[in-house]
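A.B. asks: One structure coming up, written as C-alpha cells, with questions to follow.
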Amino acid sequence: MNVKMLAAAAALATCVPFVAQAQDDARGGISFRGEARIGYETPTVSGDGDVYKIGSAVSYGGELGVDFDAGGFSVGPYVNYEFSNVELCDGGVCLSEKGNLSAGGRVGFAVGQGSQLFVKVGYASIEMEGSVPGYSASESKSGIQGAIGATFDVGPHVYAMVEASYADYGEFYDINLQRRQVAAGVGFRF
C-alpha cells in the first residue's frame, strides 16, 4: 500500500464513524472550517549523520477541513496547501521550494471554553525546483506529515490558530528530505 492510499484510508477512517452520529444530532454536529495561514519553514536534507538547511523562509496558504463533534473532542479530514519562498543559490545554480500539499485526519480535544488542542497526521507532497541559467526543472516528492497545535475562539465563528509540523519525504536523489514549520493564522467556521 503506498503513502497516498494509506493517508486517504486514515482520513476516511477518522470521519466515517461520526457521520451517522452527526446526521442524527439535532444541532448537526458538523463544522466546516477554512484557515488563512502564514508560517516560517525550514526544508532540510540529511545524509551521513549531517543535516543541511536548504533555506528558511516565509510560507503562506490555507487549509480547509470538516470537524465532526464527538462530545469533548472532534475528528475530521483536512487538506492544506502552502506556497514557499525558500531558495538556495550558489553561482547561478538554485534550488527552491515551490509549495507543499498535505491531506489527512485531525483530532481535536477541548481544553477549556473556546480552546482546543489538536494533532494531525497525513500525506504530504513537496515540489522542489532546480535551475541553472536558461533552464529549470521541478519534481515532487511525497511522504508523511504530522502536526500539533491549538485553536482559540475569538468570536462566534472566528478562531486563531498556532501549529508546529514536521514532514519526512524519504529519499530524494539519495538524500533524505524533511520540512519543519511553525505557522499561525485565523480561521472561520461555518
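All of the numbers you see were taken from the coordinates with simple rules; none came from a lab. Since this is a predicted model, take the numbers as computed values, not measurements. Virtual Cβ from ideal backbone geometry, glycine too; neighbours counted across all protein chains shown.
A.B. asks: Taking R0 as 30 Å, what's the FRET efficiency between ILE175 and VAL119 from their Cβ-Cβ distance, rounded to 0.05?
C.D. replies: On the way: r = 28 Å, r/R0 = 0.95.
Computed FRET efficiency for ILE175 and VAL119: 0.60.
A.B. asks: Under the 0.36 nm per residue contour assumption, what length would be gained going from the current alpha-carbon distance of TYR166 and GLU129 to full extension?
C.D. replies: The span from TYR166 to GLU129 would gain 11.3 nm if fully extended.
A.B. asks: What residue among SER125, SER115, SER74 has the largest mean-square fluctuation in a Gaussian network model of the chain, using Cα springs under 10 Å?
C.D. replies: Of SER125, SER115, SER74, the most mobile in the Gaussian network model is SER115.
A.B. asks: Another question, if that's okay. Which listed residue (VAL158, SER96, SER138) has the Cα farthest towards the positive end of the charge dipole for the stretch 87-166, taking +1 on Lys and Arg C-beta and -1 on Asp and Glu C-beta about the Cα centre?
C.D. replies: Highest projection toward the positive end goes to VAL158.
A.B. asks: Further, regarding this structure: For the stretch 65-106, what is the Kirkwood hydrodynamic radius in Å, using each pair of distinct C-alpha atoms?
C.D. replies: Numbers: mean 1/r = 0.0768 Å⁻¹.
Taking the inverse mean of 1/r over all distinct Cα pairs, the stretch 65-106 comes out at 13.0 Å.
A.B. asks: Here is a further query. Let's test this: bin the Cα-Cα distances of the chain at 5 Å from zero up to the farthest pair and state each bin's percent.
C.D. replies: 1, 8, 15, 19, 17, 14, 10, 7, 4, 3, 1, 0, 0
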